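FYI, it's all coordinate maths here, none of it is from the lab. Please read all numbers here as calculations on a predicted model, not as lab measurements. When we count neighbours, we look across all protein chains shown, and the Cβ atoms used for this are built from the backbone with ideal geometry, even at glycine.
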Amino acid sequence: MLLEVRNLSVSYGNVSAVSDVSVHVEEGSIAAVLGANGAGKTSLLNAIMGVTRAQGVVRFAGQVISGWSSARRVSAGIALVPEGRRILLSLTIEENLLMGAYQRRDREITGDLTKMYDLFPNLARRRNYLGSVLSGGEQQMLAIGRALMARPRLLLMDEPSLGLSPLFVREVFNLVRSLNSAGLAILLVEQNTRMALQAARRGYVLKLGRLALESDTEELMKSDDLTKAYLGDDVTVKHRLHA
Ligand SMILES: Nc1ncnc2c1ncn2[C@@H]1O[C@H](COP(=O)(O)OP(=O)(O)O)[C@@H](O)[C@H]1O
Ligand SMILES: [Mg+2]
């Protein structure tokens, strides 16, 4: 098992955001975390990355990393594509990419930059332009490229398709699949339930900070449980608003 999260809880003062959640990601596989707004998805990913304080045990590649700084977790092979992309608009595209490699001391960073430009030709053409010239979809690609520059074994992705045009949503999911085919394990947080379940092997549904459902995605897609676990919140209403 590459990632094992056991009985993880996150609270902000008196607000409990995640309660007693256990998830795992097998080496080289995709797991999806689903749930409505406020369910605790971002808090879970941030806790795994070590940028939010949490209780519980996080084990990665055989080591307990729960006490580690986020920098050390990056070096160990975990990278986060944060919610809302968090591109630095006043830095160039290349500088944004290089930020992902800030922990590295090896000589292959330039080679990896070239790989990113092969993967994202839109970024290559404008490598010396500021991040602000990019569209939302291109910024998402840059955020993914920046995370890949850390050479992760596990990629945490927080709603990578949110707010993107259908074309870019497809592109994000194609990228998720192709990165995974190349061996990268991915923990994918999404509100695009159907596409996430199609891409993932295992699915988890969070509801009000608790695990409402977990199963192999094939089972999840067949059962009514998903609808039950998911609805009852205002998810359908929200989808209608966004449509
Ligand atoms: N920095 C914070 N301070 C206080 N409460 C927070 C903070 N971040 C998130 N929360 C609360 O924690 C809960 C879970 O939020 P979050 O993890 O962002 O959920 P999701 O990503 O599923 O929308 C929500 O009730 C949210 O309001
Ligand atoms: Mg979130």
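Structural remarks
- Matching residues, the stretch 172-200, being touching a strand residue (DSSP E or B) at 6+ places or on another chain (Cβ under 8 Å) and within 16 Å of ligand 1 (Cβ to nearest atom): 187, 188, 189, 190, 191, 193, 196
- Looking only at residues of the stretch 174-198 that are under 21 Å from residue 37 (Cβ atoms) and among the hydrophobic types (A, V, I, L, M, F, W, C), we find that the one that is surrounded by the most Cβ atoms within 10 Å (Cβ to Cβ) is 188.
- Matching helices (runs of 4 or more DSSP H) fully within the stretch 79-149 where at least 2 residues are within 16 Å of ligand 2 (Cβ to nearest atom): 136-148
- Residues located in the stretch 179-195, provided they are β-branched (Val, Ile, Thr) and over 14 Å from residue 78 (Cβ atoms): 189, 193
- The residue that is surrounded by the fewest Cβ atoms within 10 Å (Cβ to Cβ), counting only those in the stretch 85-107 that are free of Cβ contacts under 8 Å to residues at least 12 places away in the same chain and within 30 Å of residue 135 (Cα to Cα), is 102.
- Flag if residue 67 is part of a strand (DSSP E or B) and either away from ligand 2 (no atom under 16 Å from the Cβ) or acidic (Asp, Glu) (or both): no
- Across the stretch 1-24, the number of residues qualifying as farther than 13 Å from residue 47 by Cβ, touching a strand residue (DSSP E or B) at 6+ places or on another chain (Cβ under 8 Å) and exposed (fewer than 14 other Cβ atoms within 10 Å of the Cβ) comes to 1.
- Given (1) in contact with a Gly (Cβ under 7 Å, 6 or more places away or on another chain); (2) within 20 Å of residue 143 (Cβ to Cβ); (3) loosely packed, with under 15 Cβ neighbours inside 10 Å, number of the condition residue 71 does not satisfy: (1)
- Residues satisfying the stated conditions in the stretch 161-195, i.e. assigned to a loop (DSSP other than H, G, I, E, B), within 13 Å of the chain's Cα centre (by Cα) and either on the phi > 0 side of the Ramachandran plot or in contact (Cβ under 8 Å) with a residue 60 or more places away in the chain (or both): 162, 184, 191
- Neighbours by Cβ (under 9 Å, 6+ apart or cross-chain): first from the stretch 16-44, of a type in the set (Asp, Glu); second within 11 Å of ligand 1 (Cβ to nearest atom): 20/209
- For the stretch 150-163, the candidate set comprises residues that are under 16 Å from residue 188 (Cα atoms) and among the hydrophobic types (A, V, I, L, M, F, W, C); within that set, the residue that is nearest to ligand 2 (Cβ to nearest atom) is 162.
- Test: residue in the stretch 52-71 that is closer than 19 Å to residue 23 by Cα, within 15 Å of ligand 1 (Cβ to nearest atom) and in contact with a Phe, Trp or Tyr (Cβ under 9 Å, 6 or more places away or on another chain): yes
- Evaluated against (1) outside any strand (DSSP E or B); (2) within 22 Å of residue 31 (Cβ to Cβ), residue 156 falls short on exactly one condition, (1).
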